[in-house]
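Take a look at the structure below.
Computed from the coordinates by the stated procedures, all read-outs in this text should not be read as laboratory data. None of these values were measured; they are calculated from a predicted model. Cβ coordinates were reconstructed from backbone atoms using ideal geometry, including for glycine residues, and neighbour counts include every protein chain displayed.
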Amino acid sequence: MSDVDGCELCSNPGGDVLWSDRRLRVVRVDDPDYPGFLRVIWQGHVREMGDLDRVHRSCLMDAVFAAERAVVELLRPDKVNLASLGNMTPHLHWHVIPRFRGDPHFPDPVWAARRGGRLVPLPMPVAAYGREVAASLAASLPASIDVRVPPAAA
Ligand SMILES: [Zn+2]
């Protein structure tokens with residue numbers, strides 16, 4: 001991971017790391033309103049999805065969909081919100097947010113004003129959730145996305 005002075009996501013993982021390789025990591029975000037919230041973070045500074053080559057873009061989205069699948073299987077949410085904003089950090093990243101009818105912002109985005117609602121707790125201790133997500137990611141992602149990157153032309 002290239003460390004750049006003043007970059008929060010170079011100096012901190014941004015949550016509990018559940019899967020990682022040289023190119024990307026999946027973390028559980030510590031959000032008291034959304035304890036199942038995951039984030040898929042590209043390790044390097046890349047601004048836009050279109051700046052990644054096709055192979056890396058595909059690897060990143062495979063990780064996003066694997067995280068989505070883990071959330072669906074473990075939490076059975078009413079919806080999973082996938083969002084890539086990236087206005088605050090130079091790291092491409094995707095938010096993977098389990099949503100439930102009646103959660104504090106439903107049906108608005110989690111960044112909107114609160115509508116009331118209630119926290120929907122995890123159906124298991126948070127550490128167990130992290131282990132289950134990690135196991136699901138390990139089962140559906142290769143050990144490293146680097147294995148799928150074609151070698152550079154000679
Ligand atoms: Zn950085």
(message) Compute the angle between helix 126-140 and the longest alpha-carbon principal axis of the chain, please, reported from 0 to 90 degrees and rounded to the nearest 10.
(response) 40
(request) Would you work out if the stretch 8-140 is rounded, prolate or oblate? Take a ≥ b ≥ c from the square roots of the eigenvalues of the alpha-carbon gyration tensor; rounded if a/c is under 1.5, else prolate when a/b is larger than b/c, oblate otherwise. (result) prolate
(request) Taking the Cα centre of the stretch 8-140 as origin, work out the dipole magnitude from +1 charges on Lys and Arg Cβ and -1 charges on Asp and Glu Cβ, in debye rounded to 20. (result) 180
(request) Among TRP111, TRP94, rank each residue by its count of other Cβ atoms within 10 Å, from fewest to most, as a rough exposure measure. (result) TRP111, TRP94
(message) Which one, ILE41, ASN12, ALA135, is farthest towards the positive end of the dipole of the chain when Lys and Arg carry +1 and Asp and Glu -1 on their Cβ?
(response) ALA135
(request) Compute the acute angle (0 to 90°) between the alpha-carbon long axis of helix 54-75 and the principal axis of greatest extent of the alpha-carbon atoms of the chain; round to the nearest 10°. (result) 30
(request) Read phi for every residue in the stretch 143-149 and hand back ³J(HN,Hα) as whole Hz from Karplus 6.51 cos²θ - 1.76 cosθ + 1.60, θ = phi - 60°, with x for Gly and Pro. (result) 4, 8, 5, 4, 5, 9, 7
(message) How much length would be gained if the chain were fully extended between ARG69 and TRP111, taking 0.36 nm per residue of separation minus their Cα-Cα distance, in nm to one decimal?
(response) 12.9 nm
(request) Find the cysteines in the chain that fail to meet the 4.7 Å Cβ criterion with every other cysteine, and list them. (result) CYS59
